[in-house]
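Student: I have a structure here, written as C-alpha cells, and I will follow up with some questions on it.
The values are calculated or read from the model by the stated rules, or taken from the named source; none is laboratory data. Keep in mind that what you see is a predicted model, and the values were worked out from it rather than measured. We place every Cβ from the backbone using ideal geometry, glycine too, and count neighbours over all the protein chains shown. For accessibility, only protein heavy atoms count, side chains too; no ligands or nucleic acids. Shrake-Rupley method; radii C 1.70, N 1.55, O 1.52, S 1.80 Å.
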Amino acid sequence: QSTVQSYLEGVSAGLQQLRSAAQEVQSVCQDLGAARWALLDSAEHFQGLQQMRELMEEHVQLASVVQVLPQIFSVHEVFSHILQLLHGQHLLEAHVELMMVEQLRDDILSQLHLRGLSGAQATVLSYFSGLQELNESLAKQLWDIVGSSLRLVREDPVLFVTAVRIIEREEKIDDALLLEATFLPPGRPKGWRQKFYQVLQDTIRGARFRAPRMDAEGPGLAKHLAALQEDIVSELRVVKDLMVQCVPAHYNILSVCTATYHQALTSHLQEILREDLDKQGLFLLLEWALRVYHSPEMMGHPDLLPEVDVSALDPLMSSELVDQTERRYVMKVKASVFEWMQRTLEVEFKEWFREEEPETDHQGFFQSALPAIVMQMLNENIQVASLITDSLQQKIYNMALEELEAFLGRLREALVQCGKEHQQDRAVPKYYISHLLAVLNNNLALSNSVSSLNPDTACREVPGSLQAALDRMQKKATQLLLEELLLDLQPLCLQLPSRKWLSGSQLVGSMCEVIDKYAKDFSRVRKPVFTLLLAESELLVANQYLRALLQRKMVCKSREERGQLCHRLLQDATQLRELFCGLGLDRSQQSLEAVFALRELICLKDPALLSLEVLGFITKYPDVSDEHVSTLLDIRGDVSKEVRHVVLEMMAQHPQVLPEGYRPIFSTILVPVPELPFCLRKGKCA
C-alpha cells in the first residue's frame, strides 16, 4: 500500500511539470510571433542600412585611391628616374623602384580583377605601359652582364653579383605569385633564372665553337683544337674558383658550365666531321676526343679535379660515331698506303733495269730497300693507330694485310712483265738473275716480318690468303729462274741421246758447268730459298734428262749397245748426283734416282723378269704411264710382243695412286704416240 501511494505521488508531480512546460512553450511562441511582425515592419529601414554600407565601402576605396594618387601621378617621373639609374648602371636601386611601380600596378589590377572591370584594366595597363620598356632595358643589361660573366668575375665581380641578386629577387616574386594562383599580373612569370642559364650557355657555345671553315683541315685544325683545350681549361678554372662564389649554391654553376662545354664540343666535333677531312685531321679529332679530352692536360687537369667530372656525361663521341670516323680514317690511310706502295713498286721496277747489280747485305745476299720501306710504312701506321684505340689499331692492321696482299699481286705482275721483256732480249735486264734472287730474298724478308705487325703478341700466325700471296710470289720468281736455267740446258739436252753421247762425250760435263754457274748465283739467296732452288733445279735437270731419253728414243740393236747405254746412264746420273750432293742437296731429296731406276730396267738381262721389275718401278714412281713403260721397252730393243703384253697387263692390274707429298717426275713428260701398223682386209698385219 505504501509503495503504490509513493508511485501515485510521483505521477502527479510529473503531470504538474508537463502542464507548466506547455504553458511556457505557448508563451514563447507568442513572443516569436510578435518579433516576426516587428521585423517585417522594419524591412524598409534595413534597405537604407545596405545603401549606407555600400557608400561606406566606396568611401574606403576612395580614401585608398586618394592615398596612392601621389604615387600614381608620379609614375612617369619614376619611370624617368629608373631609366637614369639604368643608364648609370645603378641596377639595384633601379630594380627597387621598378618593383615598387610594378607592385602599385599589380595592386590596382588585382582590385579591378576582383570587381570584373576588364575595361578599366586596359586603361591601367596603358598608363603603366612604360614598365615593359624598363623591364626590357634592365633585362638587356642583365644579359650583357651574364654574357660577360667570365670576364667580370675576374675584373668586376660586384656587377655580376648585382645581376644575380636581381634575378633571384624576380625569381622569388614569380614563386610567390604562382603559389597564390589567384591573379597573375602581365609579364609574369619572368623566368629570369632560366634565362640566366640560357644566356650563359649561349655565350659559351658562341664564343669558342664557331671556327672558320679553313680551320677544319691540316695544321689549322690542330691549332683550333689546341686553342679550345687551353680556353676551356682556363674558363672552367674561373668558374670553379671565382664564379661559384658569386652565385647561390643551388645554381650548380660549375656542373652547368661543364655540361655546356661538353655538349657544345660534341656538336662542334660533329660539325667538323661533316667536312672532308684528310687522314691527319681525322686522327687529330679521334686523338683529341678519346685521349686528350680526358687527360690531365684538359678535363682531368689537377686544377679542375675533383669538382669537374665528365664521366657521368655522355661520351664526347658516340661509339657509332667513333667507329664511323675510324673507318673513314682507315680509308684515308689505305689510299695513302696504296700510293706509297705504288711509288715503291715503280722505283723497284726501274731498279731491275739498271746497269748494276742489286745491293747486298752484310752477308752478301742480294736485296733491295723494298721490304724495309713497305714494313716500316705499315708498322708506323699500326703503331700510330695504337695511340687512339685498340679497335682502330686492329682495323689498320687488317687493312695493312689486305694492302700487302694486293701489293704482292702487283709486284708479281711487274715481275711477269719484266720476264716477258727479258724473253724478247735476254740481255735486258743486264742483271736479270741477280734481281730475281733479290726478289726472293725480299719475299722471304716480308714473310718473316709480317707476323711482327700483329698487335696481338700471342697470335703471330700469317693469315692464309697473305701466305698464299707470298708463296705465289716465290713460286713465280723461282719459275723465272728455272726458265733461265732451262734455256741454257736445252741446247745440251737436244744432243741426248745420240751415238756421239753414247760413245763418251763431255755433254753432261757441260751441263754440270751450267748448273754449277747457276748454283753460285743461287748462293746469293738465304738458305731456305737456296735449298728450294737447288731441289727445283735438280728436278728440272732430272726431268729434262728423262724427257730427252723418252721423247727422242734410241733403240738398242744389240746386247753390247744396251750395255754401253747402261754404262753411260750410270756415269751421267752419278756425275749429276755428286754435283748436287756437293752443292748441299741430300740424295734423299734428289729425283735423279729415277735415272738409276730406269737404268735397271734397261740393264736387266732376262726380259722375262721385266714384269716384276716394272712393278717395283711403278710402285716407286706412280706417275709412270703405260706409254712411258712401252717406250722403255722399245729402247731395250729385245722385248717380244708377249712380254710387252704381260708387262702392260700387269700394270693394268696394279693401278697406282699418287701418295700425298709425291713430287711428279714423269707426268710432265709426253712421249710420242706410236705409229699404228697399216693392215689390209683379210690380211696379216705387217
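Student: Could you work out [θ]222 nm for the chain from helices alone, using -39500 (n - 2.57) per DSSP H run of at least four and dividing by all its residues? Round to the nearest 500 deg cm²/dmol.
Tutor: Working: 25 runs with 489 residues, N = 686.
It lands at -24500 deg cm²/dmol.
Student: For the chain, calculate the relative contact order in percent as a whole number, restricting contacts to Cα pairs under 8 Å that are 6 or more residues apart.
Tutor: About 7 percent, as a whole number.
Student: Turning to a different aspect of this structure: If you scale each eigenvalue of the Cα gyration tensor by 5 and take the root, what three semi-axes come out for the chain, rounded to whole angstrom and sorted largest first?
Tutor: Working: eigenvalues 2730, 324, 85 Å².
Semi-axes from the Cα gyration tensor: 117, 40, 21 Å.
Student: Highest mean first, how do 255-266, 505-516 rank when packing is the count of other Cβ atoms within 10 Å averaged over residues? Write out the running numbers ahead of the final one.
Tutor: Numbers: 255-266: 19.3, 505-516: 16.5.
In decreasing order of mean packing, 255-266, 505-516 become 255-266, 505-516.
Student: Now for a different question. With an 8 Å Cα cut-off and a minimum separation of 6 or more residues, compute the relative contact order for the range 476-595 in percent. List each step's numbers first, then the result.
Tutor: Numbers: 81 pairs, mean separation 41.1, N = 120.
It comes to 34 percent, rounded to a whole number.
Student: Straight-line reach from Lys350: which aspartates and glutamates have a Cα under 18 Å away, not including same-chain ones fewer than 8 places off?
Tutor: The reachable aspartates and glutamates, counting only those whose Cα sits under 18 Å from Lys350, are Glu339, Glu359, Glu413, Glu421, Asp425.
Student: Cross-link list Lys279/Lys395; Lys500/Lys557; Lys500/Lys641; Lys420/Lys517; Lys420/Lys476: which exceed 19 angstrom alpha carbon to alpha carbon? Before the final figure, lay out each step's value.
Tutor: On the way: Lys279/Lys395 14 Å; Lys500/Lys557 16 Å; Lys500/Lys641 30 Å; Lys420/Lys517 23 Å; Lys420/Lys476 13 Å.
Going by Cα-Cα distance, Lys500/Lys641; Lys420/Lys517 fall outside the 19 Å limit.
Student: So if the hydrodynamic radius of the range 327-477 is defined as the Kirkwood radius over C-alpha pairs, what does Stokes-Einstein give as its diffusion coefficient at 10 °C and 1.306 mPa s, in µm² per second? Mind dumping the intermediate values first?
Tutor: Values: Rh = 16.2 Å.
Rounded to a whole number, D works out at 98 µm²/s.
Student: Could you report the accessible area of Met331 in Å², rounded to 10, computed with a 1.4 Å probe on the protein chains as they sit in the structure?
Tutor: That residue has around 120 Å² of solvent-accessible surface.
Student: Check cross-link reach from Lys553 to the aspartates and glutamates: straight Cα distance under 19 Å, and skip same-chain residues fewer than eight apart.
Tutor: Filter leaves Glu561, Asp572, Glu600, Asp626, Glu627, Asp634, Asp638, Glu675.
Student: Can you give me the convex hull volume of the Cα atoms of the range 497-653, divided per residue and expressed in Å³? Before the final figure, lay out the partial values.
Tutor: Values: hull volume 16.3 nm³, N = 157.
Residue-normalised Cα hull volume stands at 104 Å³.
Student: Among 129-135, 652-658, how do they line up from the highest to the lowest mean number of other beta-carbon atoms within 10 Å?
Tutor: 129-135, 652-658
Student: Could you work out the local net charge near Leu492, counting Lys and Arg as +1, Asp and Glu as -1, over the other residues with Cβ closer than 12 Å to its Cβ?
Tutor: Values: positive: none; negative: Asp488, Glu513, Asp572.
Spelling it out: positives minus negatives among the neighbours equals -3.
Student: Please give every one of the aspartates and glutamates within straight-line cross-link reach of Lys195, meaning a C-alpha to C-alpha distance under 16 Å, and leave out same-chain neighbours fewer than 8 residues apart.
Tutor: Excluding near neighbours in sequence, the set is Glu136, Asp144, Glu168, Glu170, Glu171, Asp174, Asp175.
Student: Output the peptides 490-498, 627-635 sorted from most to least packed, where packing is the average of other Cβ atoms within 10 Å over each peptide's residues. It would help to have the intermediate numbers written out before the result.
Tutor: Values: 490-498: 15.0, 627-635: 19.1.
Taking the mean over residues of other Cβ atoms within 10 Å, the ranking is 627-635, 490-498.
Student: Ok, one more. Using only Cα atoms, find the angle between the long axis of helix 370-385 and the longest principal axis of the chain, and express it within 0 to 90 degrees, rounded to the nearest 10.
Tutor: 20 degrees
Student: Any chance you could run the full-extension gain for Glu133 through His87? It's 0.36 nm times the residue separation minus the Cα-Cα distance, nm to one decimal.
Tutor: Working: separation 46, 0.36 × 46 = 16.56 nm, distance 1.34 nm.
Taking Glu133 through His87 to full extension adds about 15.2 nm, to one decimal.
Student: Follow-up. Roughly how many Å is it from the Cα centre of the range 279-355 to that of the range 458-477, as a whole number?
Tutor: Here the two parts' Cα centres lie 29 Å apart.
Student: Excluding Phe666 itself, what net charge comes from residues whose Cβ is under 12 Å from its Cβ, given Lys and Arg +1 and Asp and Glu -1? Write down the numbers at each step before the final one.
Tutor: Details: positive: Arg547, Lys620, Arg663; negative: Asp623, Asp626, Glu627.
Here the count lands on 0.
Student: Using a cut-off of 10 Å between beta-carbons, work out the net charge of the residues near Ala385 (Lys and Arg +1, Asp and Glu -1, Ala385 not included).
Tutor: Values: positive: Lys395; negative: Glu326, Glu380, Asp390.
Net charge in that neighbourhood comes out at -2.
Student: Tilt of helix 118-127 relative to the longest C-alpha principal axis of the chain, in degrees (0 to 90, nearest 10)?
Tutor: On a 0 to 90 degree scale, this one is about 80.
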